[in-house]
Amino acid sequence: MRSRPGEGRRAGAPGAAPPPGRHKRLPPDPRPASRSALLLRRLSVRLASTRLGRRSASLLTLAVVGGFSVYGIVLGGHVGVARQVVLDVADAAGNVAGFKVKEVNISGHDHVTPAEILDVAGIKASTSILFVNADETRVRLEALPWIQSASVRKFYPDRIDIAVTERQAFALWQINGEIKVIARDGIPIAPYSDDPRYVQLPIVVGEGAHKRVGEIVDALARLPSLRDQVRAAILVAERRWTLKMRNGIDVRLPEAGMDVALVALMDLDREKKLLTRDITIVDLRLPDRVVVRLSDAAADARTQMLKARAKAKKGGPA
């Protein structure tokens, strides 16, 4: 059959050249589009024409790029890196949506610097307030030795308030040749330095002494005249205390009844000037007596005195 003239060149006929000034259309996708795909396409077109649409399109781009990045990193076995990528992408998306953290108010800090607090809290210049978990941030802050408690509050769209309560330096703890500043609850909070705030702190020595520091410091605080003569308190076998006096005398306290023994020691010192005598040890571990050990010089002097008395007694009248 013959074709009519010009029939093969009609617009849209197979093999016909495209009209001047128009682009050639791509052949249609042989796969039928699903209803959800059509709806998503129409929604994207509508959103792109508004400011919200442009922002949403940016969020969608971030999500797609981040998703492919995480997929590739996980396939490579770097799960930790993948988690950080997810957080970064989430922060970027939150920032595009207008939730970038612009203000962080920190209060209550003295020994811990604001930079350390922000680092532990994980708050950076690119952080979005949407993805700051206040409870998890508080737990991380309270894990710092100096911080006893913390509160983290979020104020949308862009402000975070962090308030901390620091532990107070209570005593010095010497263990294995090192000296540490400890809080009342025994937690080491800093290595010892020549900071004037630490010079007058009481010193406890020995394994486990930091856990029982409160009992000995409080007991001596009730007897300030005795406390001022103590250089350090040594915990022996994690059971009882020995006081190392500034003049070199060791005072051995009982495991039970320590407060009573300290009061008895003060009475002896007031009545007989015990702590100013030439002795090396005062043993208060026995409830019914006080055992005193003389220094070597005092012991020699006492021996010579007793010999002289015995000699004088032999040479005297019958």
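Does ARG212 qualify as being assigned to a helix (DSSP H, G or I), touching a strand residue (DSSP E or B) at 6+ places or on another chain (Cβ under 8 Å) and either farther than 30 Å from ILE123 by Cα or among the polar types (S, T, N, Q) (or both)? Answer is yes for this residue. Note on region 152-171: residues that are in a strand (DSSP E or B) and within 14 Å of the chain's Cα centre (by Cα) amount to 3.
Scoring GLN174 on the criteria (1) modelled with pLDDT of 95 or more; (2) more than 14 Å from the chain's Cα centre (by Cα); (3) closer than 30 Å to LYS100 by Cβ leaves a single failure, condition (3). State whether the residues of region 169-187 include one that is more than 30 Å from MET258 (Cα to Cα), surrounded by 14 or more Cβ atoms within 10 Å (Cβ to Cβ) and not charged (D, E, K, R). Within region 169-187, none of the residues are more than 30 Å from MET258 (Cα to Cα), surrounded by 14 or more Cβ atoms within 10 Å (Cβ to Cβ) and not charged (D, E, K, R).
The values are calculated or read from the model by the stated rules, or taken from the named source; none is laboratory data. Being a predicted model, the structure only gives us computed values, none of them experimental. So basically every Cβ, Gly included, is an ideal-geometry build from the backbone, and we count neighbours across all protein chains shown.
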